[in-house]
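Following: one structure in structure tokens, then a few remarks.
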Amino acid sequence: MFNKKKLFSLITPIAAASIILAACGASETGTNGSASEDGEGTTTLKVGTDAAYAPFESFDDKGNIVGIDVDVVNAIGAEVGVEFEINNVAWEPLFQQVTNGEVDLGVSAITITKERQETYDFTDPYYEATQLIVTKEDSDIEALADLADKKIGVQISTTGHFAAEDLQGKGSKNIRAYETTPIAIQELINGTVEAVIGDNAVILEYIKNNPESKLKAVEDDSFEKEYYGLMVKKGNEEVLELLNEGIEKLKESGKLAEITGQEIE
């Protein structure tokens with residue numbers, strides 16, 4: 001059973017830019033990534049994300065962070081009796097904030113990789129994904145091999161970035177790494193790069209929402225299946241167990257499949 005008392009620490013003011021997705025406004029967040037309890041004993045965990053990754057996390061027209069990951073986290077909270085304060089901290093800072101304990105967990109369509117597992121702990125998978133290539137509709141690019149000598153756009157330090165490096169080699173001058181996938185795709189539209197490699201759901205969401213961009217998605221069987229997990233600081237077993245408990249309950253009830261649109265073991 002999760003021991004909420006162990007997560008209590010000193011209280012710090014919430015940054016003005018934080019987006020609070022908690023049902024009770026009375027809870028506050030502690031320092032060093034530790035959750036706190038409000039007067040009614042409600043535990044709040046601080047979450048970091050990169051809200052430029054629709055359909056998993058993005059801002060709606062009211063400035064709220066919404067998406068699949070937000071729905072998954074809030075559903076976990078409902079199952080295990082905690083609330084989450086979700087903050088947009090951008091992609092690369094997210095990893096550092098988890099390491100520093102500034103947030104309790106990272107939630108941003110984060111693929112579980114062996115390299116990342118050396119530094120962080122991950123929950124059980126909650127989503128299955130793969131990489132896709134996106135290019136212009138009139139492009140002759142039909143497979144990953146066609147990108148061997150092409151200029152490729154990627155979001156920095158993502159599995160799309162790693163795939164491009166596997167193809168062309170680390171340090172390739174043809175690989176252009178950007179802060180977000182939408183920026184990489186915009187550079188494709190501008191003609192700076194000839195293709196972008198990114199997560200399938202994100203690429204397809206972009207094409208669906210921007211039909212005027214005249215882009216197409218290209219599948220390639222050489223891209224391996226990937227699995228997303230919630231990321232916590234190495235050794236944070238208490239939060240990890242809590243999150244896994246929630247994920248397991250969501251799988252058993254069918255709620256996880258309802259949120260993500262897919263079954264996962």
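Just so it is clear, none of the values below were taken in a lab; they were calculated from the coordinates. Here the structure is a predicted model, which means the values were calculated and not measured. Cβ placement follows ideal geometry from the backbone for every residue including glycine, while neighbour counts extend to all protein chains displayed.
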Quiz item: Expressed in nm to one decimal, what extension gain is obtained for the pair Glu187 and Ala257 from 0.36 nm per residue of sequence separation less their Cα-Cα distance?
Solution: 21.8 nm
Practice problem: Would you please state which residues of the range 145-169 a label at Ser213 would reach in this model, taking the label point 7 Å out along Cα→Cβ and a backbone N cut-off of under 17 Å? | Solution: 152-156, 160-161
Quiz item: So which GluC sites (Glu not before Pro) in the range 110-165 pass both tests, a DSSP loop state and at most 10 other Cβ atoms within 10 Å of the Cβ?
Solution: Glu118, Glu137
Quiz prompt | Local electrostatic count at Lys173 - Lys and Arg +1, Asp and Glu -1, tallied over other residues with Cβ under 14 Å | solution = +1
Practice problem: List Ile247, Ile259, Ile183 from most exposed to least, where exposure is judged by having the fewest other Cβ atoms within 10 Å. | Solution: Ile183, Ile259, Ile247
Exercise. For the range 200-243, state which GluC sites (Glu not before Pro) are in a DSSP loop and have at most 10 other beta carbons lying within 10 Å of their beta carbon.
Key: Glu224
Quiz prompt | 3J(HN,Hα) from dihedral phi, the range 172-180, Karplus parametrisation 6.51/-1.76/1.60, rounded to Hz, x for glycine, proline | solution = 4, 6, 7, 9, 10, 9, 10, 5, 9
Quiz item: What are the ³J(HN,Hα) values, in whole Hz, obtained from phi via the Karplus relation 6.51 cos²θ - 1.76 cosθ + 1.60 with θ = phi - 60°, for each residue of the range 218-228 in sequence order, with x given for Gly and Pro?
Solution: 10, 8, 8, 5, 6, 6, 7, 5, 10, 10, 8
Self-check item: Residues Asp104, Asp138, Asp146, sorted so that the one with the fewest Cβ neighbours within 10 Å comes first
Solution: Asp138, Asp146, Asp104
Quiz item: Let a ≥ b ≥ c be the square roots of the eigenvalues of the Cα gyration tensor of the range 131-218; is it rounded (a/c under 1.5), or, if not, prolate (a/b larger than b/c) or oblate?
Solution: prolate
Practice problem: Return Thr192, Thr181, Thr44, Thr260 ranked ascending by Cβ neighbour count within 10 Å, so the fewest neighbours appear first. | Solution: Thr192, Thr260, Thr44, Thr181
Quiz item: Considering amide H positions built from the backbone, and no H for Pro or chain starts, which residues 5 or more places from Lys234, or on another chain, come under 5 Å of its amide H?
Solution: Asp121
Quiz item: Assuming R0 = 25 Å, what is the FRET efficiency of Thr130 and Glu179, from their Cβ-Cβ distance, to the nearest 0.05?
Solution: 0.65
Practice problem: Tell me which residues come under 5 Å, amide H to amide H, from Tyr127 once H is placed; ignore anything under 5 positions away on its chain. | Solution: Tyr228
Self-check item: Potential extension, Glu137-Glu245 segment - 0.36 nm per residue separation minus Cα distance
Solution: 34.5 nm
